[in-house]
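Undergrad: One structure, as structure tokens, below. Some questions next.
The values are calculated or read from the model by the stated rules, or taken from the named source; none is laboratory data. Since the structure is predicted, the reported quantities are computational estimates derived from the model, not experimental observations. So basically every Cβ, Gly included, is an ideal-geometry build from the backbone, and we count neighbours across all protein chains shown. Note: accessible area is taken over every heavy atom of the protein model, side chains too, but ligands, DNA and RNA are not part of it. Shrake-Rupley method; radii C 1.70, N 1.55, O 1.52, S 1.80 Å.
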Amino acid sequence: MGLSEKDVDHVARLARIEITPEERSLYLRQLNAVLEHAAGLARVDVSGTPPTAHILPLRNVWRADEPAQGLTREQALANAPDKSKGCFRVPRILE
Amino acid sequence: MPLTDYEIVVGLEVHAELSTRTKMFCSCPNRFGAEPNTQVCPVCLGLPGALPVLNREAVVRAARAGLALHCPIAAFNKFDRKQYFYPDLDKAYQISQFDLPVCGKGHLEADVETSTGTVRRRFGITRIHMEEDAGKLLHSGAAQIGGSESSLVDYNRAGVPLIEIVSEPDLRGPEDAEAYLAALKEILRYLGVSDCNMEEGSLRCDANISVHRPGTPFGTRVEVKNMNSFKNVGKAIVSEAQRQVALIESGGVVTMETRAWDAERSETRAMRGKEEAHDYRYFPEPDLVPLELDEAWVEGVRRGLPELPEAKRRRLEAEHGLPAYDAQVLTESAELADYFEAVVRAGAQPKAASNWIMGELLAALKRLGLGVAEAPVAPGALAAMLKLLDSGVISGKIAKTVFEEMVSGGGDPAAIVERMGLTQVTDSGAIDGFARAAMEAHPAVVAEYRGGKTAGLGFLVGQVMKLSKGKANPALVNEALKRLL
């Protein structure tokens with residue numbers, strides 16, 4: 001098993017991070033070590049354990065459909081690196 | 001190009017914004033058209049540490065849609081994170097439902113207009129799942145300030161609740177698609193699930209389109225986005241099918257891709273390659289616990305369902321003996337159907353009520369730009385007028401005059417008839433008088449009639465009606481003329 005350099009490139013691309021060839025081999029080694037460690041879980045006998053979607057024994061946590069005051073626009077934009085006309089300003093996305 | 005040698009296969013993915021008061025996972029108002037970034041909070045802005053809490057009403061509405069589309073409501077369902085990077089998605093993941101959606105397989109029936117008439121078809125629904133909407137990118141001129149290329153982002157829409165309704169690849173062309181969408185929209189609006197306003201983006205549709213020769217396996221499907229009206233969905237299906245057929249006929253191969261519909265150029269065009277775009281790395285949303293919707297809960301939702309258009313149509317036909325066409329027109333909105341039933345309850349004969357509502361009432365509402373709820377004639381008043389007509393107090397022609405008077409605020413029909421002296425003349429002496437006068441005025445017609453050309457009778461009836469200013473009872477006029485001739 002184990003990851004290939006191609007897998008590392010793929011994950012880097014999905015995360016939108018640029019990596020050097022040295023970083024690629026470093027991360028390949030590190031990621032494989034992490035996966036190998038986690039593979040220990042596969043050795044646990046879970047034949048009697050029902051699958052679970054959540055670790056908390058809670059269900060149906062929901063609220064009534066009642067509006068409440070959120071942030072003001074000034075608060076919402078307070079930490080924006082760039083803003084214009086009451087909006088967050090971001091680099092243009094090219095399609 | 002032999003498009004006719006191929007069969008078009010279409011599956012639709014419809015996103016409908018739920019008309020809840022608040023967003024899916026926070027209490028910000030869910031309202032269209034507010035100033036940018038004024039309906040936001042730490043949850044829908046994706047600020048660190050903020051935790052989502054599910055809006056129960058969103059689940060109720062999703063379940064309503066599911067029940068109306070004959071889908072089982074999942075006893076156990078959960079939310080998942082779908083990760084991708086785009087500036088309109090502030091958290092860099094969308095909370096959606098992946099492998100355990102709220103509703104399973106169902107179906108929708110729709111009347112499809114074909115070249116050989118209207119055909120009722122059943123289309124499979126694959127699933128319905130809940131998810132949150134993303135914010136909106138504004139690409140207006142302001143984005144170009146100072147030569148720096150940028151976009152503006154408004155997160156008011158981020159976190160608005162959506163349901164995505166996925167159809168089976170059961171549609172065979174633009175007619176099917178338009179009929180499916182119209183039927184779906186009607187149901188969602190009747191249920192109060194969504195206002196389905198395509199201009200405001202509360203109903204959006206993507207189409208998976210492929211072509212194949214009948215009898216061979218389905219072709220490779222292409223996803224087409226960016227269609228902003230039912231008509232455009234139909235046009236995009238035809239255009240994309242033609243593109244695929246031309247490609248295949250010239251020896252090419254259709255590749256799985258996403259294309260955008262360009263309404264101005266009436267063609268689909270390739271979007272950026274998305275070879276990895278389907279790697280959304282879904283995993284169960286740790287911030288939300290699963291939903292368990294037991295039978296009692298589902299029954300509660302079912303009891304709250306209004307009568308759906310289809311059931312209402314069948315009932316109007318069965319209970320009131322209305323033709324299918326009338327039932328169709330009267331159920332176009334719940335308000336109109338309610339109006340009709342109120343008129344009938346007030347004592348009017350159903351077919352007469354239907355005729356007047358579809359004809360005079362709808363025409364008057366259209367002319368005045370009013371909705372059914374603001375109709376200037378109350379159901380009881382229309383019923384009272386129809387009773388005057390039925391009992392022969394007024395004629396059909398006079399009834400129209402009375403109705404117009406009611407529309408312009410004339411009040412009670414009996415009072416209008418009284419005030420304007422419109423009571424129908426049924427006195428045989430008076431009618432005979434009008435008949436003799438008409439015959440004396442047109443001796444040639446009388447002679448022809450007596451010579452066997454009976455077509456002149458209608459003309460004489462018309463003359464009598466004129467002399468009586470429309471107030472003579474037409475049946476009695478007929479009788480009188482025949483007798484005197």
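Undergrad: Which one is least open to solvent (accessible area, probe 1.4 Å), of the residues in the stretch B:107-142 that are in contact (Cβ under 8 Å) with a residue 12 or more places away in the chain, farther than 30 Å from B:Y282 by Cα and not small (G, A, S)?
TA: B:V112
Undergrad: Mind listing just one residue for me: the one in the stretch A:50-79 that is under 25 Å from the mean Cα position of the chain (by Cα) and within 18 Å of B:A158 (Cβ to Cβ) and, of those, farthest from the other protein chains (Cβ to nearest Cβ)?
TA: A:A78
Undergrad: Could you identify the single residue in B:L457, B:L467, B:L476, B:L422 that is outside the structural domain of B:P376 (by TED's automatic domain parsing), modelled with pLDDT under 80, of a type in the set (A, V, I, L, M, F, W, C) and out of contact with any His (no Cβ under 8 Å at 6 or more places or on another chain)?
TA: B:L422
Undergrad: Please give the number of the condition A:A68 fails out of (1) at pLDDT 90 or above; (2) open to solvent by 80 Å² or more (accessible area, probe 1.4 Å).
TA: With respect to (1) at pLDDT 90 or above; (2) open to solvent by 80 Å² or more (accessible area, probe 1.4 Å), A:A68 is out only on (2).
Undergrad: From the list B:A375, B:A363, which one is open to solvent by 30 Å² or more (accessible area, probe 1.4 Å) and closer than 25 Å to B:A182 by Cβ?
TA: None of the other options fit; the residue is B:A363.
Undergrad: Also: Which is open to solvent by 50 Å² or more (accessible area, probe 1.4 Å) and either of a type in the set (D, E) or out of contact with any strand residue (DSSP E or B) (no Cβ under 6 Å at 6 or more places or on another chain) (or both), of B:G452, B:G410, B:G392, B:G421?
TA: Working: B:G410 fails: open to solvent by 50 Å² or more (accessible area, probe 1.4 Å); B:G392 fails: open to solvent by 50 Å² or more (accessible area, probe 1.4 Å); B:G421 fails: open to solvent by 50 Å² or more (accessible area, probe 1.4 Å).
Just a single option satisfies the conditions, and that option is B:G452.
Undergrad: Hey, can you tell me all the residues within the stretch A:1-37 that are within 14 Å of chain B (Cβ to nearest Cβ) and part of a helix (DSSP H, G or I)?
TA: A:K6, A:D7, A:V8, A:D9, A:H10, A:V11, A:A12, A:R13, A:L14
Undergrad: I'm trying to understand the selection: among the residues of the stretch B:330-349, which are β-branched (V, I, T) and within 10 Å of B:R313 (Cβ to Cβ)?
TA: Matches in the stretch B:330-349: B:T331 only.
Undergrad: Within the stretch B:13-30, is even one residue surrounded by 16 or more Cβ atoms within 10 Å (Cβ to Cβ), within 13 Å of chain A (Cβ to nearest Cβ) and basic (K, R)?
TA: We begin by selecting, within the stretch B:13-30, every residue surrounded by 16 or more Cβ atoms within 10 Å (Cβ to Cβ); these are B:13-20, B:22-30.
Imposing the further condition that a residue be within 13 Å of chain A (Cβ to nearest Cβ) reduces the set to B:18-20, B:22-30.
Retained after the next criterion (residues that are basic (K, R)): B:23.
Looking for residues that are surrounded by 16 or more Cβ atoms within 10 Å (Cβ to Cβ), within 13 Å of chain A (Cβ to nearest Cβ) and basic (K, R), one finds at least one in the stretch B:13-30, hence yes.
Undergrad: Name the single residue that is nearest to B:I431 (Cα to Cα) among those in the stretch B:456-485 being outside any helix (DSSP H, G or I) and in contact (Cβ under 8 Å) with a residue 60 or more places away in the chain.
TA: Quick first cut of the stretch B:456-485, residues outside any helix (DSSP H, G or I) only: B:468-473, B:485.
Subsequent filtering for residues that are in contact (Cβ under 8 Å) with a residue 60 or more places away in the chain retains B:470-473.
On the way: B:G470: 12, B:K471: 10, B:A472: 7, B:N473: 8 Å.
Per the stated criteria, the residue is B:A472.
Undergrad: Additional query: Hey, could you check the stretch B:89-106 for residues that are within 29 Å of B:L171 (Cα to Cα) and open to solvent by 40 Å² or more (accessible area, probe 1.4 Å) and say which is nearest to the chain's Cα centre (by Cα)?
TA: Of everything passing the filter in the stretch B:89-106, B:K105 is nearest to the chain's Cα centre (by Cα).
Undergrad: Only one of A:D82, A:D45 is within 14 Å of another protein chain (Cβ to nearest Cβ), more than 29 Å from B:E57 (Cβ to Cβ) and without any contact (Cβ under 8 Å) to a residue 24 or more places away in the chain; which?
TA: Just one listed residue meets the conditions, A:D82.
Undergrad: Being within 14 Å of another protein chain (Cβ to nearest Cβ) and of a type in the set (K, R), is that true of even one residue in the stretch B:220-236?
TA: Yes, the stretch B:220-236 has at least one match.
Undergrad: Still on this structure, please answer the following. Going by what's in this entry, would B:E149 be described as surrounded by fewer than 18 Cβ atoms within 10 Å (Cβ to Cβ) and facing chain A (nearest Cβ under 10 Å)?
TA: The answer is yes for B:E149.
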